[in-house]
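Read through the structure below, which is laid out as structure tokens, and then see the notes.
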Amino acid sequence: MKEYKRYLVTSALPYANGPVHIGHLAGVYVPADIYVRYLRMCGRDVFFVGGSDEHGVPITIQARKQGCSPQDIVDKYHKLIKESFAELGISFDIYSRTTSKTHYKTASEFFRKLYDEGKFVERESEQYYDEEAGQFLADRYIVGTCPKCGNERAYGDQCEKCGCTLSPDELINPHSALSGKPPVKRRTKHWYLPLNEYEPWLRQWILEEHKEWKVNVYGQCKSWLDGGLQPRAVSRDLDWGIPVPVEGAEGKVLYVWFDAPIGYISNTIEARPDDWEKYWKSPDTKMVHFIGKDNIVFHCIVFPCMLKAYGDGYILPDNVPANEFLNLEGDKLSTSRNWAIWLHEYLRDFPGKQDVLRYVLCANAPETKDNDFTWKDFQTRNNSELVAIYGNFVNRAVVLTHKYFEGKVPTDLKPEAIDSETLAQVPAIKAAITDALEHYRFREALKEAMNLARLGNKYLTDTEPWKVAKTDMDRTASILNVSLKLCADLAIAFAPFIPFSSDKLLKILNLPEDVLKWDNIGQDSLLPEGHQIGKAELLFEKIEDEAINAQMERLEKIREANAKAEAAAASAEAPAEPQKPECTFDEFGKMDIRTATVLEAERVPKTDKLLKLTIDTGIDKRVIVSGIAEYYTPEEMVGKQICILANLAPRKIRGIESKGMILMAKQPDGKMRIVAPEEKLVNGAVVG
């Protein structure tokens with residue numbers, strides 16, 4: 001493995017059109033921060049770059065919704081995102097933005113150099129144009145029916161219902177999201193980066209030289225390359241973004257996918273104007289991109305092609321450890337449906353529990369496949385792991401030291417074999433954590449760190465110093481000496497993952513922050529005999545059901561609101577069924593429609609849809625068999641007042657004579673609902 005003098009670590013730039021949620025954190029920012037904190041503890045020169053992506057169509061869509069300018073949107077959310085990251089302990093060396101003067105200058109110069117050197121292809125093409133709004137339409141401003149699943153609200157770049165990637169030309173009945181009118185095609189000129197020209201080089205660089213990349217990353221790159229690369233536009237017709245810096249490009253800006261990754265460079269320049277090049281142009285620098293799987297193509301194919309085309313010594317990423325997606329309570333996270341746990345809201349609802357979220361998101365990280373976050377798992381991991389294992393061990397060790405030795409590290413007066421055998425396991429655990437961190441296996445690394453806490457708990461359980469103290473204080477001294485050494489090891493081993501708790505443990509142990517060096521794990525000299533430790537404090541607190549139930553109720557309300565909104569949208573969009581043929585008043589008068597009350601209800605055996613209902617019609621008690629079991633349970637039906645067609649000729653259904661029919665209304669989505677009186681009526685009231 002090559003030794004590097006320095007590390008450049010980047011994390012995907014979040015769109016500043018809304019706050020960040022747990023999916024962003026689990027996929028990108030928590031693993032990136034763990035890696036960076038580990039590198040720093042190893043004494044390595046590392047620069048951690050972050051920032052807000054403040055251009056692109058999502059920004060303009062949000063501004064239009066809120067009736068303000070795009071700048072207002074990015075100013076609001078850049079501040080919120082930056083402050084939320086800082087509170088969670090994401091330790092960027094810089095968190096800047098793509099509306100900065102430095103970025104405008106850097107991105108413009110980057111484009112201009114490639115333009116002057118003829119690295120772009122200039123093309124005219126027909127693109128959708130909204131005549132009423134008077135502008136070309138970005139893909140997100142074009143809405144229509146998805147050709148794959150029939151969703152009538154698919155965007156011109158993606159269907160959020162089935163997840164497939166689309167182009168505007170694939171949409172059925174496309175219309176403008178601005179005016180609602182069908183768009184027309186107009187010719188426009190743009191510049192393209194000819195990715196196809198770099199395909200042979202990419203095949204060698206990725207498929208031959210980076211076989212160690214994660215399977216999901218390598219596989220997606222191979223799929224793109226095998227499908228054949230095409231030129232990709234680097235400009236677009238839009239009034240929000242960095243103007244294309246050439247003559248004849250009025251009304252055109254740099255495409256956000258071209259603009260945004262240059263933000264890594266401009267943010268480095270902003271923070272380190274005098275020596276930024278050593279992080280970007282030295283072969284002794286290792287560059288690592290932390291991203292989600294939806295950004296793999298941009299960071300593994302497009303951005304490397306940009307750097308290759310630019311030349312001038314720019315290095316390429318050594319690794320791109322992209323994660324898969326995190327779901328929430330079994331459903332896909334969705335900003336538009338508010339189906340998310342927002343970081344700033346979590347920090348408000350769970351003050352002082354930043355590390356709990358960091359721990360759970362790492363322990364459940366979607367490293368190799370999509371994973372699911374649930375509030376119950378969050379509670380269990382806190383209570384059963386952080387509190388019951390890690391926190392319990394530390395608390396017992398510190399409390400007993402104060403009880404028996406006035407809070408001073410006791411002398412190792414009477415060691416036994418179990419002491420050396422326990423401490424001998426620390427180097428192996430450290431090596432396992434190290435190997436996992438070096439290879440971006442953060443879940444595994446965290447599991448090994450927790451194994452260190454399990455080791456301490458087992459040691460205390462096996463040695464029972466509270467019993468030994470009754471007869472042998474010298475042996476008790478040795479037990480607690482070993483236990484406190486393990487506490488110091490835990491503070492260091494957990495520091496990349498849950499830094500606030502490690503800082504708290506250092507204060508309890510009365511140790512300075514500079515002991516947080518990776519090589520100090522397993523060192524006996526951190527807590528010399530006689531060292532005074534601080535008072536015992538709980539590292540973690542139990543999370544009660546009440547707090548979790550409140551979060552579950554919030555999500556349930558969101559789920560219900562989404563279901564209502566989707567049903568309303570479907571009703572508004574779906575045409576009503578055609579009117580049936582006319583009937584005369586006399587024909588209608590033959591129907592005897594009455595109110596009735598359900599007395600008993602049960603499922604018809606060996607059927608999925610049928611309920612057997614015993615009803616009181618006011619004139620008799622009878623049985624009706626109805627195919628409503630997929631919409632109503634028997635328990636829901638008992639006591640419900642309904643309307644029935646009383647004089648429908650009886651018929652046998654599954655051997656049961658059914659006398660009448662319940663009045664039902666069929667919705668556009670196919671669901672059936674009972675037509676019932678608005679208020680309680682006497683049974684047998686005639687409807688007419």
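The values are calculated or read from the model by the stated rules, or taken from the named source; none is laboratory data. Model, not experiment: these values are computed from the prediction. All Cβ positions, glycine included, derive from the backbone under ideal geometry; neighbour counts span all protein chains shown. Accessible surface is based on the protein model in full, side chains and every heavy atom, while ligands, DNA and RNA are left aside. Shrake-Rupley method; radii C 1.70, N 1.55, O 1.52, S 1.80 Å.
General observations
- Per DSSP, loop GluC sites (Glu not before Pro) in the stretch 74-138 with at most 15 further Cβ within 10 Å: GLU117, GLU131, GLU132
- Taking the accessible area of the stretch 234-381, probe 1.4 Å, and keeping the other protein chains in place, the carbon and sulfur fraction comes to 46%.
- Inter-site label distance for LYS680 and ALA388 at 7 Å from Cα along Cβ, in nm: 4.8 nm
- Solvent-accessible surface of the stretch 505-641, taken per residue with a 1.4 Å probe and all protein chains present: 64 Å².
- Surface share of carbon and sulfur [accessible, 1.4 angstrom probe, percent] for the stretch 1-82: 49 percent
- Kirkwood-Stokes translational diffusion coefficient of the stretch 224-382, alpha-carbon pairs, 20 °C, 1.002 mPa s, µm²/s: 112 µm²/s
- Span from the the stretch 97-128 Cα centroid across to the the stretch 528-555 one, whole angstrom: 51 Å
- Distance between the 7 Å Cα→Cβ label points at ASP474 and ASN173: 9.1 nm.
- Placing unit charges on the Cβ atoms of the charged side chains and taking the dipole of the chain about its Cα centre, the candidate lying farthest along the positive direction among ILE615, ALA547, ILE662 is ILE615.
- Cysteines without a disulfide-compatible neighbour (Cβ-Cβ under 4.7 Å), the chain: CYS42, CYS68, CYS164, CYS221, CYS300, CYS305, CYS362, CYS487, CYS583, CYS643
- Tail beyond 15 Å, pair distance distribution of the stretch 548-637 (Cα, percent): 76 percent
- Using only the C-alpha atoms, the convex hull of the stretch 315-433 corresponds to 217 Å³ per residue.
- Around the amide H of ILE628, modelled in the peptide plane, lie the amide H atoms of LEU611, all under 5 Å away and 5 or more residues distant in sequence or on another chain.
- Mean projection area, nm², convex hull over Cα of the stretch 192-288: 8.6 nm²
- FRET efficiency, 1/(1 + (r/R0)^6) with R0 56 Å, evaluated for ASP116 and ASN549 via beta carbons: 0.35
- A cut-off of 5 Å between modelled amide H atoms, ignoring neighbours fewer than 5 places along the same chain, links ILE543 with ASN383.
- Note on the stretch 394-484: semi-axes of the ellipsoid equivalent to its C-alpha gyration tensor, largest first and rounded to whole Å, are 29, 13, 10.
- When the Cα positions of ALA340, PRO366, PRO351 are compared along the charge dipole of the stretch 332-377, ALA340 comes out farthest toward the positive end, with charges on each C-beta of Lys, Arg, Asp and Glu.
- Computed on the chain, with alpha-carbon pairs under 8 angstrom and 6+ residues apart, the relative contact order is 12 percent.
- Net charge of Cβ neighbours under 13 Å - reference THR401; Lys, Arg +1; Asp, Glu -1: +3
- Accessible solvent surface per residue of the stretch 1-120, calculated while the other protein chains remain in place, 1.4 angstrom probe, Å²: 37 Å²
- Computed from the C-beta positions of LYS105 and GLU152, the FRET efficiency with R₀ = 45 Å rounds to 0.55.
- Two-site label geometry, TYR310 and VAL246: point separation in nm, points 7 Å out along Cα→Cβ: 1.8 nm
- The dipole here belongs to the chain: it is taken about the Cα centre, uses +1 on the Cβ of Lys and Arg and -1 on the Cβ of Asp and Glu, and is about 1000 debye.
- Burial order of peptide ranges 6-12, 168-174 (average beta-carbon count within 10 Å, highest first): 6-12, 168-174
- Rg over Rh [alpha-carbon atoms, Kirkwood Rh] for the stretch 55-121: 1.10
- Between the beta carbons of ASP377 and THR584, assuming R0 = 56 Å, the FRET efficiency works out to 0.30 to the nearest 0.05.
- The trypsin sites (Lys or Arg not before Pro) found in the stretch 261-331 that occupy coil by DSSP, while having at most 16 further C-beta atoms within 10 Å, are LYS281.
- Taking the protein heavy atoms of the stretch 547-644 in the context of the full set of protein chains, the accessible area attributed to carbon and sulfur is 54 percent at 1.4 Å.
- Which of SER626, ALA565, GLY311, positive extreme of dipole for the chain (C-beta unit charges): SER626
- Answer label for Cα extents along the principal axes in Å (calculated), chosen among [x] 83, 67, 48; [y] 102, 61, 47; [z] 104, 83, 44: [z]
- Sites listed here are trypsin sites (Lys or Arg not before Pro) in the stretch 357-445 whose DSSP assignment is loop and whose Cβ has at most 15 other Cβ atoms within 10 Å: LYS369.
- The equivalent ellipsoid that matches the C-alpha gyration tensor of the stretch 531-688 spans semi-axes of 48, 22, 15 angstrom, in descending order.
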